Every structure is written in C-alpha cells, then in structure tokens.
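The values are calculated or read from the model by the stated rules, or taken from the named source; none is laboratory data. Not measured: the values here are computed from a predicted model. Backbone-built Cβ (ideal geometry, glycine too); neighbour counts: all protein chains shown.
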Amino acid sequence: MSTASLDDVHAATRGVTRLSVAVAVILIVLKTFALGASGSVSILASLADSALDLIASLATFFAVRWAAAPPDEEHRFGHGKGEAMAALVQAGLIFASSVFIGWEAIQRLFDPRPVSAGWAGVSVILISMALTGWLIWRQGRAIKASGSTAVAADRAHYASDLAANLVVLIGVASGAFLSASGLDAAAGLVVAVWLFWGGTGVLKGAADQLLDRTASDSDRATITTAILSDPRITGVHRLRTRQAGPVLMMQMHVDMAPSLTLAEAHDILDAAETRLLELWPHADIMIHPDPRDAAPVDGIAEKDPDTAATGADD
C-alpha cells in the first residue's frame, strides 16, 4: 500500500467516488436513449444494472466519507467498517439486478421481440464500455493508494459491467443486424448470471471485513518476521489481526528477557512498531511484552520462534 497519509488516502477515495457517481449518471442517460430507440432486452438489462450502479456508487460515495471520520466516544476504533457496509449494500443490489435481468431475459426467450435502431444501441454500448474502462482504471489507482474495500467493491461491480457490456454488444448486434432476437435475450441471461457471480465475490469481501477475518498467512508471517528480526524478541504469540477500511489492526504478545527494564522493553517495542509501520503505514498496533518462559495466563500454548516466523498463533 502507498505510504501516503490517511488524509491523502481519504482524498483519493472521495475523488474516485465522485467520478463513479458521475459516470453512472451519464451511462443511465445514454442507455435510456438507446432503449427507447431499440427496445433491446440486452439494453434494458444494461440500463437496469446502471441504475443500480448509481445507487451503489452513491452508497460508496457516502460510506467512504463516513469511514474517514476519526474515532469518537462511541467508535473507539474509528469508522473504517463503513466501507464494508457499503460493499454489503452493493452485493445486495447486484443480486437484485441479476434476478430482474434474468427474469426479463427468460420472458423474452419465450416471447422474442424485434430489436431496432441497431447502430444507436451499438454506439451507446461502445461509449459505455469506454467510460467504464476509464473509470475502472481510475478506481484501480485509488485502490492502490488507499486499499479501500468500498472502492474495490465498486470497481468489481464496474469490471463485471465491462464484461457484461461486451455480451450486450453481441446481443444488440445479433438482434438488430441478424434478426436473431433470441440471441439478444440470451445475451441478457448471460449478463444476469455474470452479475450474480460477481456479487458473490463482493459479498465475500464485505463479510470478511465485517466478521473480522484475519490477515492472510503471508501477511502474518511477514508480521512475525519483522518482529523477530530483533534478537531481543524471542517469540510471538496471540497474534490477532483484522481489517477496518484502510487500517490493518494487529495485536500480539512477544517474549522478552525478564531482566530488561521497563524503559528498555519500551524502546524495543517502539522499534518493532516502527518496522511494522514501514510495511503497513496505516496500521493500528498493540504489542504486549511477556517475560520469556512465563506460563501463558490464558492457557494458550506459546509458539517457538521457528514456528512463529511461519505462522503466528492467531
């Protein structure tokens, strides 16, 4: 993740969410025109999805601003999980969109309707794909700078839209130029399935953060390696990690010589936190020192340094 300050991170997410809302509005206007001209079920499917995109983008727009609020008396750990809540809303909207589009497509399969004004529909879809591709690129840059869960969910939605629009393009062209209106309906059904699959990924990402899923094995190994790079720290146990927006929270106990003074132990742990912040600049870190060879008070067996370096006790 970038070493930018949290203010820079939040500025990046705010900027890209404004852009996302603007693109969604433009796409709705374009696809409404194309639907009126063509009557294509593929265009209808794409328009319905863009309408839900606008709702999802608005949810993200407000969520990232709420998530950026500093900790207060009622939210001591900050508001970072507001992003995951927005991603959860997006997942629900994606599922609703896929069901609506699928139902309409199935009806059109049994009752095909002609597609007219093919060039208008094709032109609108090509413009939509160009705008969506540009937005995805901008969102990718914002995610690299911020690690935002909400923006990542929004990007996943628009990425699925980009692929879905390609299917829509095929459906509109087939219905208008080949008089194969059944292909247009089939294309709408493919879009519905694609959206549902994309929604499951968004739902999983949001649920992982809301349910405090631990960091990956590689990240935990990196944490323990950074901590144990100081030979005065001889073990790591009770390592617990969770994500809240751009902030990775980590708590752990470390083994140190019982002969160390409080000041010496404090300096060692300060240096350990600095090493971790070089890897995760926005981390929230809490390290508790334990005298080496002391029995764990909670009955959890300690890991030896070799084991801890490859996967700390989470």
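Of all residues in segment 261-289, none that is not assigned by TED's automatic domain parsing to the domain that holds Met250 has its Cβ atom under 6 Å from the Cβ atom of a residue that is surrounded by fewer than 13 Cβ atoms within 10 Å (Cβ to Cβ), 6 or more apart or on another chain.
Based on this model, can you work out whether Val64 counts as at pLDDT below 75 and over 23 Å from Phe196 (Cβ atoms)?
Details: at pLDDT below 75: yes; over 23 Å from Phe196 (Cβ atoms): yes.
In short, yes.
Over 30 Å from Ala11 (Cβ atoms) and in a helix (DSSP H, G or I), is that true of Ile287?
Details: over 30 Å from Ala11 (Cβ atoms): yes; in a helix (DSSP H, G or I): no.
Considered against the rule, which asks whether it is over 30 Å from Ala11 (Cβ atoms) and in a helix (DSSP H, G or I), Ile287 comes out as no.
Annotation note: Cβ proximity below 6 Å between a residue of segment 199-217 that is within 14 Å of Arg242 (Cβ to Cβ) and a residue that is at pLDDT below 75 and surrounded by fewer than 16 Cβ atoms within 10 Å (Cβ to Cβ) (sequence gap 6+ or interchain) occurs for Thr214/Asp314.
Return the residues of segment 218-260 that are assigned to a loop (DSSP other than H, G, I, E, B), more than 27 Å from Gly82 (Cβ to Cβ) and either among the acidic types (Asp, Glu) or touching a residue at least 60 places away in the same chain (Cβ under 8 Å) (or both); say none if nothing qualifies. Talk me through it step by step, then tell me what you get.
The initial filter retains those residues of segment 218-260 that are assigned to a loop (DSSP other than H, G, I, E, B), namely 229-232, 245-246, 257-260.
From what's left, more than 27 Å from Gly82 (Cβ to Cβ): 229-232, 257-260.
The one that is assigned to a loop (DSSP other than H, G, I, E, B), more than 27 Å from Gly82 (Cβ to Cβ) and either among the acidic types (Asp, Glu) or touching a residue at least 60 places away in the same chain (Cβ under 8 Å) (or both): Asp230.
Screening Arg292 with (1) of a type in the set (D, E, K, R); (2) modelled with pLDDT of 90 or more; (3) surrounded by 13 or more Cβ atoms within 10 Å (Cβ to Cβ) gives one miss only, at (2).
None of Thr214, Thr241 is under 20 Å from Ser148 (Cα atoms) and at pLDDT 90 or above except Thr241.
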